[in-house]
Amino acid sequence: MSDHRLPRDVLPRHYLLEIRPDLGRGTFSGSVAIDVDVIEGVSEIALNAVDLTIGSAAITDGDGKVEPTVDLDPDLERVMLRADRTIAPGHARIELAFGGLLGDRLRGFYRSTIVDGAGDSHPIATTQFESTDARRAFPCFDEPDMKATFGVSLVVPRGLLAVSNGAETSRTALDDDTDRVVFADTIPLSTYLVAFVVGPLEVTDPIHVAGTPVRVVHPPGRGHLTGFALDVAAHALAWFTQWYGIGIPGGKVDLVALPDFASGAMENLGCITFREVLLLVDPAEATQRELESVAAVLSHELAHLWFGDLVTMRWWNGIWLNEAFATFMEMKAVETYRPDWDVWTGFGAARSAALDVDALASTRPIEYPVVTPADAEGMFDLLTYEKGAGVVRMLEQYLGETTFRDGVRRYLADHLHGNTDNDDLWDALEAASGEPVRDLMHGWIFRGGHPVVTGAVHDGVLTLVQRPFRYDGVDDGTGWTVPVRIRTSSGLHKVLLPPEGPVTVPIEGDLLTLNADASGFYRSSPPIFGGIGSLSAAERASAIDDHWALVLAGEASPADFLDTVRAFSDDHDLAVWQACIRALGTIDLVAPTRHEASAADALGLLQSQVDRLGWTPLGDDDDRTRQLRGLVLSAAGTLADDEIVIAEARSRWADTRTEDPAVAAAVVSIVATHGDADTFAECRRRYLGAATAQEEQRHLRAMALFPGRAELEQLLAEILDGGIRTQDAPFLLREALHHRHHRGLVWRTITDDWADLTGRLPSNSIARMLEGVRALVDPSVDPDVDRFLDANPVPQGTLMVAQHRERRHVNMRLTERLA
């Protein structure tokens, strides 16, 4: 067993935890009594603890109480309790007093700040424990398979709201102007799912879903922004209860909006935490994309109540079981909530991003060895979430939706309150389907990469072959068992393509696509077999994306790709244009010196759509059409430099017309891309005065688009001075690294201030910030990008940074071909 893993000779059963935060001083103190089962006699007990001071310690077993010595090991993030006698097998209790600092890196038990309607700041204290940060808040057995129940009490200043996993059972006034708030015991949980939040927050009246109260906890004055989240939650919880066949776990659901949060959201049972922008929203002022983001993230976290909280992976190498499945289930829930959003077609963008990373030599398997806490932190990436969800979707479509659901129900029923690994799920799906699921999925989970499936038809017989698809062109002989779904003019065909060789399929009618509904996690070649008119929107978008991947791999020319895209210039679907504009944006990103030529190409493709859609929504426009209008206008103004579009955007910015949220968002990006110092100042003013988190984020991200060096320097200074929240700063720097004119300035700022940035920003955001290095394609900007990253590793994102670096070289090769 790794030095980072705890021994299994003592297992926790119940925690009685009390914590007293001091928001003014930024500290906390507490006590914990842990009921444990001693499996075999021991004189030493190891728990996890880091950044804590330990006061008194006691262990009580059947032979009485002992006071052990306490040794903290910060390197292993462990506390050792050493008794002067053997602790007997059976029941025992460990009691510890402890204290610590409320941190500022958005992990463990940390301090945040809310601003009220009068502009006054107030501190709050909240938690983020996944993956290995519960040990920063209290001594514990901080591993996912060491589940226990939790009884939490919080001693808080009188008048402050306190929430935790369980429902509040009592609130007692103490003599020092504080209240002791006691919460109901939880079901068995892994420590990373424990949560508590304290502050001057407000809470909505509960709605009830299948007898379970659901509330939104929010900053003061934001109650009017909670209705959409409650509506989504009511739908998702009812739908999940039916789909899983199990009632809502935990007894209550609180949805907590936080001003500072490193992740998007966190599925703590009964106390789910979110960034404000992903929970609080005004549907009348938000774009379809922003509303779908709220609905998707909320549904994702609620899906975890069953798949993750109730049944949990055994160790962090299996985190994909949690996250991929929740990503897949969020799509299914939102699909039933808003069928008109066509979310599986929209999923093509996420699938594309995962395929892009997975085409690198530096990709990794979905399941990957995890040893250290840094390894665990590095698992939260596109391959875990989006590739994992794409593979699950592929399996579901092959087995059939009902069969797949029946297998998942069996899996959950067999492992309630327990811990599992891949084989437990595969066994349940095999029992439900009769298919060799374990053999089929083994290669997809334990091998990185994916194939390109090639098809050729001769005399009514389709021959399929596969090879690994990589941007570097290397064929190492890897193969997968590929569930291929083929669409012809006469219907749908399914076949398993084995790793070792070709397969033949008799077909009737004309071959349309080798990837029906774009549900398979593979590329297809050729991407288009005939006319595009018979393809679904998802298939058309996938065909464009597959052709662009061939360009990046050097197997097709940019000119041929642009010719293909012109065939779609009259297409009316959002996903199709997202695929086109992703590619156009990459061309512009990697070849800024030929921007005029790129802009002309883009304008030629976009002009008919700009003319068709205009600026004003029609009465019968659905949400996706409105979003398409915003996307096309934004691209016409930023990629194509359409002077008419730019002029209209400036006019609308000046008179603050907001007749449609998607158009309003496009106006912000267009005006910023062509803005001056006065416009920058106005954009910053609108960011600071925004009425919603969505409006705030639109203007904040736009500040990185202004072309002038002085405006960029002002933004960078504000980031370095702490004027931008640390949850936002890494993503703003990532955007700034894409700057058309001053990427070198941004990169030098990051390298010059590396120690400050990496010591202050959330650790899980550093590798995400460095995604921006993909744009550093000009050796004259900084020839030492790789040398710097060699000298300054990011342990919690080693693989992710390696992927960014390799993807940068893919872009550099594309730059040479575009020259």
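The values are calculated or read from the model by the stated rules, or taken from the named source; none is laboratory data. None of these values were measured; they are calculated from a predicted model. Glycine gets a Cβ as well: all are built from the backbone with ideal geometry, and neighbour counts include every protein chain shown. Just so you know, the surface numbers come from the protein's heavy atoms only, side chains and all, with ligands and any DNA or RNA stripped out. Shrake-Rupley method; radii C 1.70, N 1.55, O 1.52, S 1.80 Å.
Send over a whole-number figure in Å² for the accessible area per residue of region 156-309, probe 1.4 Å.
30
Can you tell me the 0 to 90 degree angle between the C-alpha axis of helix 661-673 and the longest principal axis of the chain, rounded to 10?
Here the helix axis deviates by roughly 80 degrees.
Using the per-residue mean of other Cβ atoms lying within 10 Å as a proxy for protection, in what order, highest first, do the peptides 695-701, 264-270 fall? Numbers along the way, then the final one.
On the way: 695-701: 20.6, 264-270: 23.0.
Top of the packing list down: 264-270, 695-701.
From the convex hull of the Cα coordinates of the chain, what is the mean projected area in square nanometres?
34.2
Just to confirm the number: angle between the C-alpha axis of helix 537-552 and the first principal axis of the chain, 0 to 90 degrees, nearest 10?
So the inclination is approximately 80 degrees.
Just to verify a number: FRET efficiency for Ser170 and Asp3, C-beta to C-beta distance, R0 = 41 Å, to 0.05?
It comes to 0.45.
Based on the mean of other Cβ atoms within 10 Å per residue, sort peptides 203-215, 352-364, 448-460 so the most packed one is first.
352-364, 448-460, 203-215
If you count only protein heavy atoms with a 1.4 Å probe, what accessible area per residue comes out for region 651-692, rounded to a whole Å²? Intermediate values should be presented prior to the final figure.
Details: 1750 Å² over 42 residues.
On a per-residue basis, region 651-692 sits at 42 Å².
Taking only protein heavy atoms into account and a 1.4 Å probe, give the accessible area per residue of region 310-395 in Å².
23
Relative to the present Cα-Cα distance, how much length would full extension add between Leu11 and Ala690 at 0.36 nm per residue of separation?
239.5 nm
If one takes the longest principal axis of the Cα atoms in the chain, at what angle in degrees, from 0 to 90 and to the nearest 10, does the Cα axis of helix 574-590 lie?
90
Ignoring ligands, DNA and RNA, please state the percent of accessible area on the chain from carbon and sulfur, probe 1.4 Å.
Here carbon and sulfur together make up 49 percent of the probe-accessible area.
Taking R0 as 30 Å, what FRET efficiency do you get between Met80 and Ala755 from their Cβ-Cβ distance, rounded to the nearest 0.05?
That gives a FRET efficiency of 0.40.
Under unit Cβ charges (Lys, Arg +1; Asp, Glu -1), what dipole magnitude, rounded to 20 debye, does region 82-226 have relative to its Cα centre?
My answer is approximately 300 debye.
What's the ranking of 488-501, 590-603 by average number of surrounding C-beta atoms within 10 Å, highest first?
590-603, 488-501
For the chain, what is the charge dipole size about the Cα centre, in debye to the nearest 20, if Lys and Arg each add +1 at the Cβ and Asp and Glu each add -1 at the Cβ?
140
Please compute the Kirkwood hydrodynamic radius of region 600-674 from all pairs of different C-alpha atoms, in Å with one decimal.
12.0
Note down the magnitude of the dipole of region 1-78 about its Cα centre, charges +1 on Lys and Arg C-beta and -1 on Asp and Glu C-beta and zero elsewhere, to the nearest 20 debye.
320
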